[in-house]
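Everything on this sheet refers to the single structure shown next.
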Amino acid sequence: MAKNDVKVLGAWPSPYVMRPRIALNIKSVNYDFLEETFGSKSELLLQSNPVHKKVPVLIHGDKPICESMIIVEYIDEVWTSGPSILPSDPYDRAIQRFWAAYVDEKFFAAMKGLRSAQGEERKAFLDQVTEGLALLEEAFGKCSKGKAFFGGDRIGLLDIAFGSFLGWLKVTEKVNGVKLLDEAKTPGLVKWAERFCADAAVKSVMPETEKLLEVSKVLAAKMKGAPPPKN
Amino acid sequence: MASSAMVTANQLIIMAELKLFRTWSSCFCLRVVWALDLKGIQYDTIFEDLSNKSSLLLQYNPIYKKVPVLVHNGKPLLESLVILEYIDEIWKQTPLLPEDPSERATARFWAKFGDDKVLPSIWNAFIKQGKDQEEAIVTAQENLGCVERQLTGKKFFNGETIGLVDLAFGWLANLLSVFEEVCGVTLIDHEKFPLLLEWIQNFADAPIIKESWPPRDKLITRYQAFHEVHTSKEAPK
């Protein structure tokens, strides 16, 4: 396979799209980033992800790979000469996969809820997010074993899964006027977040918070103008 | 569970401390039972009553408080698909995932699709009524259509032998007909889903798999109760 025969279909604000890009950067793999136009889906996207019609999609040669964390594991399995993204011990791998699934299923749902909630509902979602961060702080302590990242000395699967949400976490803080990552309550995560965002594999793909804020305002306006949801 | 698989002395030591917390009916727990049984691994089973969870379960799974939990040498593993990958990595016989990375990615994709889309859409078709149910059935059948196409030219999702995706979809092979009987709706028919129906037959009859099905009459009773609770709650829209 030619080295540059790798493409990522995506959109720069998406945390899910960041994930394969970080993984490819870790492995020093050159790739073409094919940006989808906001509000429409390209033919290539519809062809390569007919089931979900969503980004990210990794196209390696002629093979499309879909679902961000599945793509990250694929990248780790194909490019074995670069640093490993998953740990070698099966139990540690299971722990990383468990928490990555938690981030996507529980934590993201709470964050999404907080962004669109009003009044009383907001408090409930805020509690859920705070609880989630407390759990992740504890997980960080156990997984990192005193080192810089969930993956140890280097960024690993769970760093990528959770770290990709940091931009939107900062937007949520600004929009809601709350501090979610807090030196008092989540000191480990505060320092980890700084290290993650400063890492060479992440820096070039982590969007600036100000730019994400603008996107957030556009999305919020769109939602207000949209017809009421079915249920 | 006894099996005729050859085991080394090392494997006997690893097996010694293996416990599965499960319920009699959970399809997620069945995945783990099948994986362990297919690989010929010995383990202890602890049956949980979810209305009265044991303190051990709550200790091992404080976040979700759910089954299955697999405890290996005192260390808990949670979430059925995560557990299956762990089992496959520790015990290499009868592999559940193929070796090729893109085939592995495809298998993981369909297992996730099953849990994220197929199961919830079928559950919706089961608990809703009237127009909502009609719409839910359309969605469920669209999802099942994607799954049907994956079986083209194959006996199992994994090819000639049972693999991760087959275990992930295992619930289709027994629960689907229970749902259909309880709510009186046919979700899959021979015309639209011939491959899926054939897969259901092959999977349900496969050795090891068929030894662990929960009793059908108990499942009917259980899901009849769910159906009553849900359909009395749901106001017709």
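The values are calculated or read from the model by the stated rules, or taken from the named source; none is laboratory data. If you're wondering where the values come from, they're calculated on a predicted model, not measured in any experiment. Glycine also receives a Cβ, built like all others from the backbone with ideal geometry; neighbour counts cover every protein chain displayed. We work out accessible area using only protein heavy atoms, side chains counted, and drop any ligands, DNA or RNA first. Shrake-Rupley method; radii C 1.70, N 1.55, O 1.52, S 1.80 Å.
Which value, in debye to the nearest 20, gives the size of the charge dipole of the protein assembly as shown about its Cα centre, when Lys and Arg are +1 and Asp and Glu are -1 at the Cβ? Let's see the in-between values first.
Numbers: 57 positive and 61 negative charges, 217 e Å.
My answer is approximately 1040 debye.
For helix B:80-90, what angle does its Cα long axis make with the longest principal axis of chain B, in degrees from 0 to 90 and rounded to 10?
Helix B:80-90 sits roughly 30 degrees off the main axis of chain B.
So what's Rg/Rh here for the stretch A:80-161, counting alpha carbon atoms and using the Kirkwood radius for Rh?
Taking Rh as the inverse mean 1/r over Cα pairs, Rg/Rh reads 1.08.
What is the sum of charges around B:GLN42, taking Lys and Arg as +1, Asp and Glu as -1, for the other residues whose C-beta is under 13 Å from the C-beta of B:GLN42?
-1
Using the Cα atoms of chain A to build a convex hull, what is its mean projected area in square nanometres?
Projected over every direction and averaged, the Cα hull of chain A covers 13.4 nm².
So if I average 1/r over every pair of distinct C-alpha atoms in the stretch B:190-237 and take the inverse, what Kirkwood radius in Å does that give?
Mean inverse Cα-Cα distance, inverted, gives 13.5 Å.
Between A:ASP62 and A:LYS185, what is 0.36 nm times their sequence separation minus the Cα-Cα distance? Round to one decimal in nm.
39.6 nm
So what's the Cα pair-distance distribution over the stretch A:4-57, bin width 10 Å, in %?
With 10 Å bins starting at 0, P(r) equals 24, 57, 18, 0.
Springs between alpha-carbon atoms under 10 Å, Gaussian network over chain A: tell me which of A:PRO187, A:PRO56, A:PRO207 tops the mean-square fluctuations.
Highest fluctuation of the listed residues: A:PRO187.
Hey, what did the stretch B:31-125 get for relative contact order, percent, Cα under 8 Å, at least 6 apart?
23 percent
What does the C-alpha gyration tensor say about the overall shape of the stretch A:113-231? Classify as rounded when a/c is under 1.5, otherwise prolate if a/b is larger than b/c, or oblate.
Prolate is the answer for the stretch A:113-231, as a/c is 1.5 or above and a/b outweighs b/c.
Restrict the search to the stretch A:1-59; then list the chymotrypsin sites (Phe, Trp or Tyr not before Pro) that DSSP places in a loop and that have at most 15 other Cβ atoms within 10 Å of their Cβ.
Those that pass, being in a loop and sparsely packed, are A:PHE38.
Can you pull the percent of chain B's accessible area that's carbon plus sulfur, 1.4 Å probe, other chains left in place?
C and S atoms contribute 54 percent here.
Antiparallel as a % of all DSSP beta bridges within the protein assembly as shown, to the nearest 5?
If we restrict to bridges inside the protein assembly as shown, about 70 percent are antiparallel.
Please work out the Kirkwood hydrodynamic radius for the protein assembly as shown, using every pair of different C-alpha atoms, and report it in angstroms with one decimal place.
Radius from the Kirkwood sum: 24.0 Å.
May I ask you to derive the relative contact order of chain B, considering only C-alpha pairs under 8 Å and at least 6 residues apart, and to give it as an integer percent?
Working: 263 pairs, mean separation 44.9, N = 237.
For chain B, the relative contact order is 19 percent.
Once you have a ≥ b ≥ c as the square roots of the Cα gyration tensor eigenvalues for chain B, tell me rounded if a/c is under 1.5, and otherwise prolate or oblate according to whether a/b is larger than b/c.
Oblate.
Before anything else, pin down the relative contact order of chain A: Cα pairs under 8 Å, at least 6 apart, normalised by residue count, whole percent.
RCO, chain A: 20 percent.
How far is it, in nm, from the label point at B:LYS218 to the one at B:GLU180 when both lie 7 Å from their Cα along the line to the Cβ?
If labels sit at B:LYS218 and B:GLU180, their model points lie 2.4 nm apart.
Okay, helix-only estimate at 222 nm for chain A: each DSSP H run of n ≥ 4 adds -39500 (n - 2.57), divide by all residues, round to 500 deg cm²/dmol; what do you get?
One gets -17000 deg cm²/dmol as the mean residue ellipticity at 222 nm.
Please compute the net charge surrounding A:ALA134, taking Lys and Arg as +1 and Asp and Glu as -1 over other residues with Cβ under 15 Å from its Cβ.
Details: positive: A:LYS106, A:LYS142, A:LYS179, A:LYS185; negative: A:ASP127, A:GLU131, A:GLU137, A:GLU138, A:ASP182, A:GLU183.
Taking every Cβ under 15 Å from that of A:ALA134, the sum is -2.
If exposed means no more than 15 neighbouring beta carbons inside 10 Å and the site is in a DSSP loop, what's the longest run of chain B without any exposed GluC sites (Glu not before Pro)?
Here the longest segment lacking exposed loop sites spans B:18-98.
Note down the nm distance, to one decimal, between modelled labels 7 Å out along Cα→Cβ at A:ARG195 and at A:LEU46.
The answer from the label model is 4.6 nm.
Tell me: how much accessible area in total is hidden between A and B, 1.4 Å probe, Å², nearest 100?
2300 Å²
Can you check what the net charge comes to around A:ILE26, using other residues whose Cβ is under 15 Å from the Cβ of A:ILE26 (Lys, Arg +1; Asp, Glu -1)?
0
Karplus couplings for the stretch A:29-42 from phi (6.51 cos²θ - 1.76 cosθ + 1.60, θ = phi - 60°), rounded to Hz, Gly and Pro as x?
9, 6, 8, 8, 9, 9, 7, 6, 6, 4, x, 9, 10, 5
Sort all Cα-Cα distances of the stretch A:40-99 into consecutive 10 angstrom bins from zero, then give the percent of pairs in each bin up to the one containing the longest distance.
Final binned percentages: 20, 42, 26, 11, 0.
Are there any trypsin sites (Lys or Arg not before Pro) in the stretch B:90-185 that are in a DSSP loop and have at most 11 other Cβ atoms within 10 Å? List them by number.
B:LYS92
I'd like to verify something in chain A: which complete DSSP H helices, judged by Cα projection on the helix axis, reach 30 Å or more and average at least -1.0 on the Kyte-Doolittle scale?
A:119-144
Among B:GLY170, B:ALA111, B:GLN59, whose Cα projects farthest towards the positive end of the dipole of the protein assembly as shown, with charges put on the beta-carbon of Lys, Arg (+1) and Asp, Glu (-1)?
Selected residue: B:GLN59.
For the stretch A:152-203 and the stretch A:53-116, what is the separation of their C-alpha centers, rounded to whole Å?
Each part reduced to its Cα centre gives a spacing of 17 Å.
Pick out, in residue order, every one of the trypsin sites (Lys or Arg not before Pro) in the stretch A:126-231 that is DSSP loop and has at most 16 other C-beta atoms within 10 Å; say none if there are none.
Working: sites: A:LYS142, A:LYS145, A:LYS147, A:ARG154, A:LYS170, A:LYS174, A:LYS179, A:LYS185, A:LYS191, A:ARG195, A:LYS203, A:LYS211, A:LYS217, A:LYS222, A:LYS224, A:LYS230; in loops: A:LYS145, A:LYS147, A:ARG154, A:LYS179, A:LYS185, A:LYS230.
Answer by residue number: A:LYS145, A:LYS147, A:ARG154, A:LYS179, A:LYS185, A:LYS230.
Using only the Cα atoms of the stretch B:157-237, build the gyration tensor, take square roots of its eigenvalues as a ≥ b ≥ c, and label the shape rounded, prolate or oblate: rounded if a/c is under 1.5, else prolate if a/b is larger than b/c, else oblate.
prolate
With N set to the residue count of the stretch B:65-129, report its C-alpha Rg divided by 2.2 N^0.38 Å to two decimal places.
Relative to the 2.2 N^0.38 Å estimate, the stretch B:65-129 comes out at 1.40.
Would you mind getting the accessible area per residue of the stretch B:134-237, heavy atoms of the protein chains only, 1.4 Å probe, in Å²?
With the other protein chains kept in place, the stretch B:134-237 gives 52 Å² per residue.
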